[in-house]
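Presented below is the structure to which this report refers.
Read the figures in this text as sums done on the coordinates, not as results from a lab. Only a predicted model underlies this, so the values are computations on that prediction, with no experimental measurement involved. Every residue, glycine among them, receives a Cβ derived from its backbone with ideal geometry; neighbour counts consider all protein chains shown.
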Amino acid sequence: ARAGLAALRDVPAITLDGVTISLEANIELPEEAQAVVDAGAEGIGLFRSEFLFMGRDSLPGEEEQYQAYASVVRTLAGRPVTIRTLDIGADKTLDGEATVATNPALGQRAIRYCLARPEMFQTQLRAMLRASAHGPVRILIPMVANLREVRAAYAAIAQARQELDHRGQAYAERIEVGAMVEVPAVAIAIEPFVEAFDFLSIGTNDLIQYTLAIDRADPDVGGLYDPLHPAVLRLISNAINAGARGGKPVAVCGEMAGDVKLTRLLLGLGLTHFSMHPQQLLDVKREILRAHTNALRTRVAAILNRAAEMDLELLNQ
Ligand code: PEP
Ligand code: MG
C-alpha cells in the first residue's frame, strides 16, 4: 500500500468534481525540510520556529536563525515557506524560564510573549525577512486575539524592514503575512482579520482547547478533547466561509488536517488548504482524489445546521 501511495507524489490533489486542493506540510526543525519535498508537498504551511529556541540555555541570535530559515527556503527551492513567529509559552517553554503565570495557556504566550520582548521579536523578524531573499517566505503570527496585536505585529515587521534597509541587507519586496486562528473570539468575529491579513491558518489544536475549555496537555481531560464538537466545527466553518467571501486563503494546520478520517469532513466544510506532517500527506491526498466536494458540502451543512454530533462513519462510508 505504501508503494501505491508513493505513486501519488506528483499527482495534483484534485477532487472528482474538479476542486484543486493545496497540500502543504508542517515542520519543527530545518532538517525536516527535505521530507517535505520528498512527500510532494506544495510548500511549508507551518514551520514551528520555537523548536530552534527550545532545549538550550541561550536564545539563537539573528545569524543562527537566518541560517536556519534560509536553509529551509533553499531546500524548498521556490515553494513557499510559512515561518511562524515564536509560539512560546503554555505547552512550549524555554529552558531556564520559570513559568509563573497562573494559567499559562491563557497567559503571555505566542504573539503576546513576542510583543512584550521587542528586541527578541525584532531579531527573529530580521532573520525571517533576510531568508526571504532566497525564495518565497510567508510570516505567520500565532494566537492573535485582537486588532491591537495585529497593528503592533505589522509595526514590528515594518521596523525590521527599516533596520535591514539601513544596513543595506536584502529581503523580498513582497512578503505575505498571515495569522493563526486559534482563539475562538477570532474565529467568531473573523471579518477584520480576513481583511488585515493575506491568509489565515486555523490551529485546531488550540482552537479546540480554547473552545471546549480542555487543556490540550492534561491527560485527565484528554477524553473530552473533541474535534467533532459541533461548536468547533461551526467555528472552523465560519472561518473558511469568511475567507472565501473575502478572497483570502484559509488553511487548517492543526492535527485535524492530517487525520485521514477527517479529510472528507474538512472538504465538506469547504477547506481547500491543508498543512500537515509530511508523513500524512499522501494518505490525505488519496482521500481527496476520491472525494466529491459538492456532495460532501451538502451533507456536512445539513449536520452543522442541526448542530448535531458529526457521525464520521456515516460521512466516510
Ligand atoms: C494548533 O494550535 O493547531 C497549531 C497548529 O499550533 P501548535 O500545535 O504548534 O500550537
Ligand atoms: Mg497553536
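Can you check what the net charge comes to around Ala90, using other residues whose Cβ is under 12 Å from the Cβ of Ala90 (Lys, Arg +1; Asp, Glu -1)?
Once positives and negatives cancel, what remains is -3.
Taking a ≥ b ≥ c as the square roots of the Cα gyration tensor eigenvalues, with a/c under 1.5 meaning rounded and otherwise prolate when a/b beats b/c, else oblate, which class fits region 213-317?
Cα axes put region 213-317 in the rounded bin.
If you line up the long axis of helix 293-305 against the longest principal axis of the chain, both from Cα atoms, how many degrees apart are they, to the nearest 10?
Rounded to the nearest ten degrees, it is 90.
What ranking of Met143, Met54, Met310 emerges when the number of other C-beta atoms within 10 Å of each C-beta is taken as an exposure proxy, fewest first?
Ascending Cβ contact count within 10 Å gives the list Met54, Met310, Met143.
For Arg290 and Glu62, what does the FRET efficiency come to when R0 = 35 Å and r is the distance between their Cβ atoms, rounded to the nearest 0.05?
For Arg290 and Glu62, the calculated efficiency is 0.15.
Kindly express, to the nearest 10 degrees and within the range 0 to 90, the angle between helix 118-131's C-alpha long axis and the longest C-alpha principal axis of the chain.
That helix lies at roughly 70 degrees to the long axis.
Write down the Kirkwood hydrodynamic radius of region 107-237, to one decimal in angstroms, obtained as one divided by the mean of 1/r over all alpha carbon pairs.
Over region 107-237, the inverse of the mean reciprocal pair distance is 16.1 Å.
Arrange the following residues from fewest to most other Cβ atoms within 10 Å of their Cβ: Phe47, Phe197, Phe53.
Ascending Cβ contact count within 10 Å gives the list Phe53, Phe197, Phe47.
Around Val183, what is the net charge, scoring Lys/Arg as +1 and Asp/Glu as -1 over all other residues with Cβ under 12 Å from its Cβ?
-1
Where Lys and Arg each count +1 and Asp and Glu each count -1, what net charge lies around Asn241 among other residues with Cβ under 12 Å from its Cβ?
Local charge sum for Asn241: +3.
Restricting the count to DSSP beta bridges whose residues both fall in the chain, what percent are antiparallel, rounded to a multiple of 5?
5
With 10 angstrom as the radius, rank Ser58, Ser132, Ser22, Ser275 by how many other C-beta atoms surround their C-beta, starting from the fewest.
Ser58, Ser22, Ser132, Ser275
Kindly provide the pair-distance distribution of the chain built from C-alpha pairs, with 10 Å bins from 0 and whole-percent values in order of increasing distance.
Result returned by the calculation: 6, 27, 35, 24, 8, 1.
Counting other C-beta atoms within 10 Å, and keeping those with at most 16, which DSSP coil GluC sites (Glu not before Pro) do you find in region 1-39?
Glu28
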